[in-house]
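Written out below as structure tokens is the structure these notes cover.
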Amino acid sequence: MLTVAASQFTDRGYDALTMESVVAGSGVAKRTLYRWWPTKSALVADAILAGFLNVPHKPVQHTADIWADLRAWLGEVSTAMRGPYGEVLRASTAISATEPALAAELTQTFRRPAATEMRSRFAEAVCDGQISQDADIDATIDLLMGIIVFVGAGHEDVARIPAVIGVLKLGISSEAARRSGS
């Protein structure tokens, strides 16, 4: 059933997916489907959490310039948002708003790999003197994740990403980096 749901989700999107179409495609009884998944959102959430719907991992580059790395990474993620990944994120966001029990699991499915990657990259930048040792890295990661959801949920223009990175840079750069202009 999860395979059928994931396939139909990928082909048609969340809004066009119906429990009836999953029943028809899987050949199971409607009662069986509803016993395991009482709502479409629960079904799609399980398909995401079980890995039937792709949540791609986009690694953050590790060059000498944290700001170029973040611009490139946000650009890649934002571009991915225009495809099936964006549909999965939008569905997860909607499900999280209506199904609090699933919200934490879905958030971690999307957030954990990216947050771990960013935390590692920010730690390097702190060691390199690009970011202040006093910077609130967790809050910065939360802001970046918020940008991803904003771009993904609303199909917003990715041209704003350099300006967003510029604002972050002003807020968390080390004093030495600000003086040197890097």
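The values are calculated or read from the model by the stated rules, or taken from the named source; none is laboratory data. Predicted model only: the values in this text are computed from it and were never measured. Because the Cβ atoms are built from the backbone with ideal geometry, glycine has one as well, and the counts that use them run over all protein chains shown. Areas reflect the complete protein model, heavy atoms only, side chains present, ligands, DNA and RNA absent. Shrake-Rupley method; radii C 1.70, N 1.55, O 1.52, S 1.80 Å.
For segment 94-108 versus segment 1-60, the spacing of their alpha-carbon centroids is 15 Å. Per residue, the chain exposes 51 Å² of accessible surface when a 1.4 Å probe is rolled over the protein heavy atoms with every protein chain present.
About its Cα centre, the dipole of segment 49-182 is roughly 220 debye, where the only charges are +1 on Lys and Arg Cβ and -1 on Asp and Glu Cβ. Placing +1 on the Cβ of each Lys and Arg and -1 on the Cβ of each Asp and Glu in segment 1-117, which of Gly83, Ala6, Leu53 has its Cα farthest towards the positive end of the resulting dipole? The listed residue farthest towards the positive side: Ala6. Using C-alpha pairs under 8 Å with a sequence gap of at least 6, the mean separation divided by the residue count of the chain gives a relative contact order of 22 percent.
Starting from the 7 Å offset along Cα-to-Cβ, what nm value, one decimal, do you get for the label separation of Ala68 and Glu175? Distance between the two pseudo-spin positions: 2.8 nm. Measure nothing but the geometry: give the 0 to 90° angle between the long axis through the Cα atoms of 161-172 and the longest principal axis through the Cα atoms of the chain, rounded to 10°. That helix lies at roughly 50 degrees to the long axis. Taking θ as phi - 60° and the Karplus parameters 6.51, -1.76 and 1.60, the scalar couplings of segment 75-92 work out to x, 5, 5, 5, 5, 4, 5, 7, x, x, 4, x, 4, 5, 5, 4, 5, 4 Hz in sequence order, x denoting glycine and proline.
Here the relative contact order of segment 25-108, from alpha carbon pairs under 8 Å that lie six or more residues apart, stands at 29 percent. Straight Cα distances below 25 angstrom link Lys30 to the lysines Lys40, with same-chain residues fewer than 8 positions distant left out. Amide H contacts for Ile131 (H built 1.01 Å from N in the peptide plane; partners 5 or more residues away or on another chain; cut-off under 5 Å): Val126, Ser174.
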